[in-house]
Every structure is written in C-alpha cells, then in structure tokens.
Amino acid sequence: MNVETLFALCACALVGIGLYPVPQALLITAIVVAFAATAVTVALLLRLIESTATASLANEPPSGD
C-alpha cells in the first residue's frame, strides 16, 4: 500500500464520518427554524391585534351577504 492509497482511504473515512452526524444536525436546524418562524408570526399577530384591535388586515369588515 503506497502513501497515496493510504491518504485516499483516510480521506474517504473522514468524509464518511463527517456525513454520519449530518441528518441529526439538519433535523435540529429545521426544528429551530420552524420554532423561530412561529414565534415571529405570533409576535406580528399580537402586534397587529394591539394596534388595530382586530386580527384582520382588511380595510373594511366583510359584508354579511
């Protein structure tokens, strides 16, 4: 076994080990992003209710046809 083959095998092993935690890291990232988006949405909705006393963005209330 020459040096190039040894380096190639080590590189493949390191890449394989590096790819092993990726799904867990992506899942945790997705959970954090979803939580942050939900928190921002709730904060904006609360601010809208506080400033307009309604949860609607319409200028006029809907007509009761």
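Counting only alpha carbon atoms, the long axis of helix 3-19 and the longest principal axis of the chain meet at about 20°. Estimated from helical segments only, the mean residue ellipticity of the chain at 222 nm is -26000 deg cm²/dmol, where each DSSP H run of four or more residues counts as -39500 (n - 2.57). Calculate how steeply helix 22-52 sits against the longest principal axis of the alpha-carbon atoms of the chain, using the helix alpha-carbon long axis, and give the answer as 0 to 90 degrees to the nearest 10. Here the helix axis deviates by roughly 10 degrees. Going by neighbour counts of Cβ atoms within 10 Å, the residues 63, 56 line up, fewest first, as 63, 56. Can you give the Rg to Rh ratio for the chain, taking only C-alpha atoms and Rh from Kirkwood? Checking Rg against Rh, the ratio lands at 1.55.
Read the figures in this text as sums done on the coordinates, not as results from a lab. Keep in mind it's a predicted model, so treat the numbers as computed, not measured. Please note: Cβ atoms are built from the backbone with ideal geometry, for glycine as well, and neighbour counts cover all protein chains shown.
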